[in-house]
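See structure below.
No lab work stands behind these numbers, since they all come straight from the coordinates. All of these numbers come straight from a predicted model, not from anything done at the bench. When we count neighbours, we look across all protein chains shown, and the Cβ atoms used for this are built from the backbone with ideal geometry, even at glycine.
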2 protein chains.
Amino acid sequence: MSTHPFDKALALEHSDIRAGHFTGVTSPDYWNMVGPFGGATAAIALQSVLRHPDLLGTPLALTVNFAAALEAGPFDVQATPVRTNRSTQHWTVQITQPGAGGTPNMTTTATVVTAARRETWGESDMPMPEVPPPESVKRFSIGPAGVAWLDRYEMRPISGGIPAKWDGGLQHSESRLWLRDAEQRPLDFCSLAAMSDMFYPRVWLRRAKHVPAGTVSITTYFHAGPAQLAEVGTGYLLGRAVGQQFFNGFFDQAAHLWSEKGVLLATSNQIVYYKE
Amino acid sequence: MSTHPFDKALALEHSDIRAGHFTGVTSPDYWNMVGPFGGATAAIALQSVLRHPDLLGTPLALTVNFAAALEAGPFDVQATPVRTNRSTQHWTVQITQPGAGGTPNMTTTATVVTAARRETWGESDMPMPEVPPPESVKRFSIGPAGVAWLDRYEMRPISGGIPAKWDGGLQHSESRLWLRDAEQRPLDFCSLAAMSDMFYPRVWLRRAKHVPAGTVSITTYFHAGPAQLAEVGTGYLLGRAVGQQFFNGFFDQAAHLWSEKGVLLATSNQIVYYKE
């Protein structure tokens, strides 16, 4: 069995694992237009924490700041557990690349909180919207040429797909789609982190205009343990994303990811740069 | 004119300002039950960035991770600009307190993104709910004994106030309220950051049950420049908060803050620990 492209993208080497220093190489399979797909970078930040031998619990919160696009090639990841409590652990992560004159080039900062969960009362105040089942929704297959990462996912847009015409007509900013890895792979925290960044910039939908745009910072909260992820397996997630405020070059979008059975597995927010 | 309590709480000293190292003292005025009001701590993290001489632009995104409650007394803040681009700047912030044996005690990690904004197309997809004007809504005045920070704010709950009876009846998790500083003070980025953390834990409302709860991490996006804040001045903000998913000890809540004129100034999300 060959290694899944996502596992190749997440592969990290280490010399002294307790020091939390890892090295990796950007993946052509998850390349976006001017750098790696942000979701893959977020997953790498999380992966460095999950690989650390001092890890407590499972992921709870992940914030990734995209300071600069990674260039194709090797990178360094430093994961540091800065505080361990009884039920939570706080991490800082930085991804750098070798820069001119040997000075490391800071590309990504992140913070991660992991937690040892206990069974408690639970409830959802964000029920899954009623949508047609995945099998009845046509698969999206026309990625812009050269955007490799889009081919790594099976996306079935229910509503709010990428505008067919860039005619400048103002619309709403909500998308709903079924999604999963194109090549089957059981859901885990890293792939859930990546899928949280799967939604194209809301400004394109809102304006039906293809302006330059890129995520500046994303925060994802995980609402699942290993059992909930195992229940999904290689099944679909329902993703929903909506824009909130568009103001002078930056907007935010809120995203929700449910299992096909309707369990809200992750909530995510990001702030995105746009031009014009 | 005496100094406003919020400005006292934000007062930071520095020896070498270019090194980004500041010292401060926790404020009894903004004390919560077992430490400072998280909003005040978030504001201090932001303030350290705003005071730094290398600052580019105005606040765009702020993530604050509450690793441990600060103890009453002095603290250290380290603000570091890790990457400066043409229109965005990325910061890491850490708040520590002197610990046993001289080892610093990590209480708070934060990341901040600031941005030089340009005028662009803009729109809101999150209109302000229709609510009665502030003057017609009764002010909330019964804070739990000993919770000083509640007295620093004028809150006028429209719906979803703290349950009058802890009878365990399941309800919704949405609150709407008018709010501003109790002692008048023109809105700025730091007070907006603090007000984003002003909503009591949604789990109390959802369950009408007073369980132990505390914010683990908060992320706030700013959708305003100095002109939009100046327009608010000492006026009211409409705050809205709602829970999303409650699962095994942690839930998230989404918050929105509009000016009285209906401009969405900030969107904020937090993940919160709860017991039972």
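Per-structure values
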{"item": "DSSP loop trypsin sites (Lys or Arg not before Pro) with at most 13 other Cβ within 10 Å excluded, longest remaining stretch of chain B", "result": "B:166-260"}
{"item": "Spatial extent of the protein assembly as shown: Rg and Dmax, with the Cα atoms as the point set, Å", "result": "22.4, 74"}
{"item": "Computed FRET value (nearest 0.05) for residue A:51 with residue B:33, which takes r as the C-beta separation and R₀ as 45 Å", "result": "0.75"}
{"item": "Cut-off 19 Å (backbone N to label point 7 Å along Cα→Cβ of residue B:7), residues of segment B:173-214", "result": "B:180-195"}
{"item": "Per principal axis, descending, Cα span of segment A:105-163 in whole Å", "result": "45, 44, 18"}
{"item": "Nonlocal Lys pairs with alpha-carbon distance under 25 Å, chain B (8 or more apart, or different chains)", "result": "6"}
{"item": "Choice from B:170, B:70, B:192 showing the highest fluctuation, given a GNM over chain B with Cα pairs closer than 10 Å", "result": "B:170"}
{"item": "Footprinting exposure proxy for B:106, A:195 (fewest neighbouring C-beta atoms within 10 Å first)", "result": "B:106, A:195"}
{"item": "Hz values of 3J(HN,Hα) by residue in segment B:7-14 - Karplus curve (6.51, -1.76, 1.60), Gly and Pro given as x", "result": "5, 5, 5, 8, 4, 10, 9, 8"}
{"item": "Cα gyration tensor of segment A:201-247 - equivalent ellipsoid semi-axes, whole Å, descending", "result": "30, 13, 9"}
{"item": "Where labels lie 7 Å past Cα in the beta-carbon direction, separation of residue A:130 and residue B:164 in nm", "result": "3.6 nm"}
{"item": "In order through segment A:165-182: 3J(HN,Hα) via Karplus (6.51 cos²θ - 1.76 cosθ + 1.60), integer Hz, x for Gly, Pro", "result": "10, 8, 9, x, x, 6, 9, 7, 10, 9, 10, 10, 8, 8, 8, 6, 4, 5"}
{"item": "Neighbour-count ranking [beta-carbon atoms within 10 angstrom, fewest first] of B:128, A:33", "result": "A:33, B:128"}
{"item": "Alpha-carbon gyration tensor eigenvalues x 5, square-rooted, for segment B:8-63, Å", "result": "22, 15, 7"}
{"item": "Built amide H within the under 5 Å cut-off of residue A:250, gap 5+", "result": "A:274"}
{"item": "Cβ neighbours within 10 Å from other chains - mean over A:263-276", "result": "4"}
{"item": "Relative compactness, segment A:39-101, computed as alpha-carbon Rg over 2.2 N^0.38 Å", "result": "1.21"}
{"item": "Gaussian network model of chain A, springs between alpha carbon atoms under 10 Å - residue of A:80, A:220, A:103 with greatest fluctuation", "result": "A:103"}
{"item": "Residue of B:79, B:266, B:208 that the Gaussian network model of chain B assigns the largest fluctuation, springs spanning Cα pairs under 10 Å", "result": "B:208"}
{"item": "Segment A:97-184: GluC sites (Glu not before Pro) in DSSP coil with no more than 16 other Cβ atoms inside 10 Å", "result": "A:119, A:130, A:183"}
{"item": "Karplus (6.51, -1.76, 1.60) ³J(HN,Hα), θ = phi - 60°, over segment A:59-65, in Hz, Gly and Pro reported as x", "result": "x, 10, 9, 9, 10, 10, 9"}
{"item": "Percent of Cα pairs exceeding the 36 Å cut-off, where the set is chain A", "result": "12 percent"}
{"item": "Length-normalised contact order of segment A:140-253 in % [C-alpha pairs under 8 Å, at least 6 apart]", "result": "31 percent"}
{"item": "Sequence-separation-based contact order of chain A, relative, with Cα cut under 8 Å and 6+ spacing, percent", "result": "17 percent"}
{"item": "Nonlocal amide H pairs with residue B:116, under 5 Å, H built at 1.01 Å", "result": "B:58, B:88"}
{"item": "Label-point separation, residue B:227 to residue B:151 (7 Å along Cα→Cβ), nm", "result": "4.0 nm"}
{"item": "Sorted by Cβ density within 10 Å, fewest first, the residues B:173, A:141, B:268, B:196", "result": "A:141, B:173, B:268, B:196"}
{"item": "Convex hull of segment B:171-276 built on C-alpha atoms - directionally averaged projected area, nm²", "result": "6.6 nm²"}
